[in-house]
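Please read the structure below before turning to the comments.
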Amino acid sequence: MDFYDMQIGPQAAFERYETIRSRLPQAIFDETPQHAANLAEVAAHFDGFILDAFGVLNRGETAIAGAVERMAELRAMGKKLIVLTNAASYSRSQILEKYHRLGFDFRSDEVISSRDLALAALPHLPPGKRWAAGATVDDKFDDTSHMPGQLLDDPALYDNAGGFLLLSSARWTDRDTQRLISALRENPRPVVIANPDLVAPREDGLTIEPGSFAHALMDALPVMPLFFGKPYVNAFDAAIAKLPGIPRDRIAMVGDTLHTDILGGAASGVGTVLVTDHGLFHGLDVQPFIERSGIRPNWMVPTT
């Protein structure tokens, strides 16, 4: 079964995040979360909002009800908005096209993707070597000069590539994970993860994402992949840089996941808002997960 099509429950996803907790950024949490109905009710406490996409703005290919109107409301209040997404399957132009199709009015300079961060920081490879990408079948890589090969279309790249770039779970299977483990055991090479998420919320549930493959590699081998995106500091530094002049305590990271959005935001010194009803914890009481993990947002809202 393809990982992209495989379903996993929120409890299992949470347990896996807890298993890899020592590999994630560290943060101190010393507040009891405050509660509000939506982002408009917390807006007085923040001047800038860093917004996760999946579970906050959209679920799969569908905009969350009221999210488009809420962004317009925040703009009318004078709030600055930045989208910080781990959706590495899309180029910047594709991301903007998707958001605009869903009704959002984000500009190109208001969107930061983990794909952009990873492609901009790929390590140099030995002469004559190229990156092998785990990517969607129609990824043209027209947003980079590196022009990686399609790993899933050219099995020889397991042996010949200079490094591996994991962008998407589309088409990926457990067999591909095992082949990559074997290839890296035989010949260690750089591994770059452009989507650190373990799962992502879509219309019909959660799907496995490239972060899952990365941690399977780390479980099996003494490999240290390079992660780009939430919850890692490179993503938050890029987003905060887009909000000059706003103190970190007046910036809020808004997300649906404790171990990526909330942990990463807290580790970067910004405020945090957990949206509970549309993402990882859809249909669940989130409080037991907060108590068990100790990851506490500053604010909790049911919807954007």
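Which angle from 0 to 90°, rounded to the nearest 10, does the C-alpha axis of helix 10-19 make with the longest principal axis of the chain?
Between the helix axis and the principal axis of the chain, the angle is about 70 degrees.
Around K98, with a cut-off of 12 angstrom between Cβ atoms, what is the net charge of the other residues, counting Lys and Arg +1 and Asp and Glu -1?
Details: positive: R92, R101; negative: E61, E97.
Value of the local net charge: 0.
Helix 174-186 versus the longest principal axis of the chain: what angle, 0 to 90°, nearest 10, using Cα atoms?
Roughly 60 degrees, rounded to the nearest 10.
Across the range 106-113, in residue order, what do the Karplus-derived ³J(HN,Hα) couplings come to in whole Hz, using 6.51 cos²θ - 1.76 cosθ + 1.60 with θ = phi - 60° and x for Gly and Pro?
4, 8, 4, 7, 9, 10, 10, 10
Through the Karplus equation 6.51 cos²θ - 1.76 cosθ + 1.60, θ set to phi - 60°, convert the phi angles of the range 63-74 into ³J(HN,Hα) values in whole Hz; use x for Gly and Pro.
Working through the residues one at a time gives 5, 5, 4, x, 5, 4, 5, 5, 4, 5, 5, 5 Hz.
Round to the nearest 0.05 the FRET efficiency obtained for E203 and D153 when R0 = 30 Å and r is the Cβ-Cβ distance. Provide the component values of the computation, followed by the final result.
Working: r = 28 Å, r/R0 = 0.93.
Working from the Cβ atoms, E equals 0.60.
Given labels modelled 7 Å from the Cα in the Cβ direction, how far is it in nm from A12 to T173?
1.8 nm
For the chain, what is the percent of antiparallel DSSP beta bridges, rounded to the nearest 5? The partial results should precede the final answer.
Numbers: 9 of 41 bridges.
Roughly 20 percent of the beta bridges in the chain run antiparallel, per DSSP.
For the modelled label position 7 Å from the Cα of R107 along Cα-to-Cβ, which residues of the range 238-260 have backbone nitrogen atoms closer than 19 Å?
238-246
Using alpha carbon centroids, what distance separates the range 164-220 and the range 279-304, in Å?
When both Cα centres are located, 26 Å separates them.
Leaving out ligands and nucleic acids, and using a 1.4 Å probe, what accessible area per residue does the chain come to in Å²? Each step should come with its number before you reach the end.
Numbers: 12370 Å² over 304 residues.
Result: 41 Å² of accessible area for each residue.
Just to be sure I understand the model, the point goes 7 Å from the Cα along the line to the Cβ. What's the resulting D30 to E97 distance in nm?
Result: 4.9 nm between the two label points.
Per the Debye formula with a single identical scatterer at each Cα and no solvent contribution, what log10 I(q)/I(0) holds for the chain at q = 0.07, 0.13, 0.14 Å⁻¹?
Debye output, listed in q order: -0.25, -0.88, -1.02.
Which of K98/K129; K80/K129; K98/K242 have a Cα-Cα distance over 32 Å?
Details: K98/K129 34 Å; K80/K129 42 Å; K98/K242 21 Å.
Where the Cα-Cα span goes over 32 Å, the pairs concerned are K98/K129; K80/K129.
Mind checking the angle between helix 210-220 and the chain's longest principal axis? C-alpha axes, 0 to 90 degrees, to the nearest 10.
Orientation of helix 210-220: about 60 degrees from the principal axis.
Report, in deg cm²/dmol and to the nearest 500, the calculated mean residue ellipticity at 222 nm for the chain, where each DSSP H run with n ≥ 4 adds -39500 (n - 2.57) and the sum is divided by the residue count.
Values: 10 runs with 87 residues, N = 304.
The helix-only estimate for the chain comes to -8000 deg cm²/dmol at 222 nm.
For the range 1-104, report the % of Cα-Cα distances exceeding 18 Å. Let's see the in-between values first.
Details: 3435 of 5356 pairs.
Counting pairs separated by more than 18 Å, the tail of P(r) holds 64 percent.
First compute the accessible area of the range 18-95 with a 1.4 Å probe, then give the percent of it belonging to carbon and sulfur atoms.
Details: 1680 of 3330 Å².
Carbon and sulfur atoms account for 50 percent of the accessible area of the range 18-95.
If exposed GluC sites (Glu not before Pro) are those in a DSSP loop with at most 10 other Cβ within 10 Å, what is the longest stretch of the chain that has none? Present the calculation step by step, with values, prior to reporting the outcome.
On the way: sites that count: E61, E203.
With GluC sites (Glu not before Pro) excluded where exposed in loops, the chain gives 62-202 as its longest stretch.
Magnitude of the Cβ-charge dipole of the chain, K/R +1 and D/E -1, about the Cα centre, nearest 20 debye?
Here the chain has a charge dipole of around 660 debye.
Percent of Cα-Cα pairs per 10 Å bin, from 0 to the last occupied bin, for the range 135-276, please list those.
11, 36, 31, 19, 4
Work out, step by step, the length gained on full extension between L284 and A120: first 0.36 nm times the residue separation, then minus their alpha carbon distance; give nm to one decimal. Don't skip to the end; give the middle numbers.
Values: separation 164, 0.36 × 164 = 59.04 nm, distance 3.79 nm.
Using 0.36 nm per residue and subtracting the Cα-Cα distance, I get 55.3 nm.
Convert 10 °C to kelvin, take the viscosity as 1.306 mPa s, use the Kirkwood radius over C-alpha pairs of the range 45-158 as Rh, and evaluate the Stokes-Einstein diffusion coefficient in µm²/s, rounded to a whole number. Before the final figure, lay out each step's value.
Details: Rh = 15.9 Å.
Approximately 100 µm²/s, per Stokes-Einstein.
Under 25 °C and 0.890 mPa s, how fast does the range 108-195 diffuse according to Stokes-Einstein, given a Kirkwood radius computed over C-alpha pairs? Answer in µm²/s, whole number. Let's see the in-between values first.
Details: Rh = 13.4 Å.
My calculation gives 183 µm²/s for D.
The values are calculated or read from the model by the stated rules, or taken from the named source; none is laboratory data. Source: prediction; values computed, not measured. Heads up, the Cβs are rebuilt from the backbone with ideal geometry, glycines too, and the neighbour counts pull from every protein chain shown. Side chains are part of the model used for accessible areas, which takes the heavy atoms of the whole protein and leaves out ligands, DNA and RNA. Shrake-Rupley method; radii C 1.70, N 1.55, O 1.52, S 1.80 Å.
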